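To keep things clear, I will list the structure first and then write my remarks on it.
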Amino acid sequence: MTADDLVIAGFVPFSAIDWPGKLAAVLFLQGCPWNCGYCQNPDLIESAVPGVVPWTQVRETLEQRVGLLDGVVFSGGEPTQQPAILDAVAEVTGLGFGAVLHTNGAYPDRLSELLPNLAWVGLDIKAPLSRYQAVTGSRRGGERAWASLDLLVASDVDYEVRVSVDPTVLKLSDIEEIVAELERRGARMPVLQEVRSLGARAEYVARLGDTRLADVVPEDAFPGMERRVEHAPTAAAPSIREALVTRDGGSSGD
Ligand code: SF4
């Protein structure tokens, strides 16, 4: 297994939004073990789909950008699903880039192996433990994600916890439970993210309707906590996988 085995669904050579305050290239890796209703990249869930960008092409591009970019972001899908990420991270750090991970925390063992080589991690926490399956479809997903949170908190790596609030599943009491649990585990306060309809499956967009983050978490709840709200058009959204192949800037991550 080498970095050449990485199955890459999309490569964005330049982004200013995926590593706070830094410039980075972004890789979208194929495959995710979960199936969130609001997934913006449903085309990236199936693991058996072949990649569209070979690692050799990524390596060549990165070699030309040494000194011009701060780092390389591994996003998905769920990037830690692929064992080849270990070699890919080693290669990019060997070139002098910071390695950044956007993860749902589904593979705490692999996260543990990666952490010593990572410069920054964005971890998505999706629900209280008891509600994880309702959001992700995964029976053991919650245990894994919260175990990853503990690894991150215990590490020296800079990180952000994002709570993506699925308003079709979660209530304010669930968010209160998440925030209390993060506090109990010594984690930083999270960013509350509004789920976006861009790229999501039509049935989810219909279920979501006009419900927004503020309908679940009123504006005056959790004063001082950052909110990430971005309204996007719902009609005629392109396939994210198609868009990624041609895109030359910006990305959404998990
Ligand atoms: S939202 Fe993230 S964790 Fe959920 S299915 Fe999509 S890629 Fe996987």
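Against the chain, whose longest principal axis comes from its Cα atoms, helix 85-94 is set at around 60 degrees. Classification of segment 100-169 by its C-alpha gyration tensor yields a prolate form. The axis ratio a/c (a ≥ b ≥ c) is 1.5 or more, and a/b outweighs b/c.
Measuring only protein heavy atoms, the 1.4 Å probe finds Trp19 accessible over about 20 Å².
Of the Cα atoms belonging to segment 1-126, the radius of gyration and Dmax stand at 13.3, 39 Å. Rolling a 1.4 Å probe over the protein heavy atoms leaves Ser130 with an accessible area of roughly 100 Å².
Computed from phi, the 3J(HN,Hα) profile of segment 58-64 under the Karplus parametrisation 6.51, -1.76, 1.60 (θ = phi - 60°) reads 4, 4, 4, 4, 5, 4, 7 Hz, with x in place of Gly and Pro.
Taking the convex hull of the alpha carbon atoms in the chain, what volume per residue do you get, in Å³?
Taking the convex hull of the Cα positions in the chain, it is 118 Å³ per residue.
Across segment 29-42, computed HN-Hα scalar couplings (Karplus, 6.51 cos²θ - 1.76 cosθ + 1.60, θ = phi - 60°) run 8, 6, x, 8, x, 10, 8, 5, x, 8, 3, 7, 10, x Hz from first to last residue, x flagging Gly and Pro. Angle of helix 141-154 to the longest C-alpha principal axis of the chain, folded into 0 to 90 degrees and rounded to 10: 70°. Annotation for Met1 and Asp215: the two label points, set 7 Å from Cα along the Cα-Cβ direction, are 4.2 nm apart. Ranked from largest to smallest solvent-accessible area, with a 1.4 Å probe on the protein heavy atoms, Asp220, Asp166 come out as Asp220, Asp166.
By how many degrees, 0 to 90 and rounded to 10, does the Cα axis of helix 172-184 deviate from the longest principal axis of the chain? The helix 172-184 is inclined about 60 degrees to the chain. Proximity of backbone amide H atoms, modeled 1.01 Å from N, is registered between Leu23 and Asp70, Gly71 at under 5 Å, excluding neighbours fewer than 5 places apart on the same chain.
The values are calculated or read from the model by the stated rules, or taken from the named source; none is laboratory data. Keep in mind that what you see is a predicted model, and the values were worked out from it rather than measured. Every residue, glycine among them, receives a Cβ derived from its backbone with ideal geometry; neighbour counts consider all protein chains shown. For accessibility, only protein heavy atoms count, side chains too; no ligands or nucleic acids. Shrake-Rupley method; radii C 1.70, N 1.55, O 1.52, S 1.80 Å.
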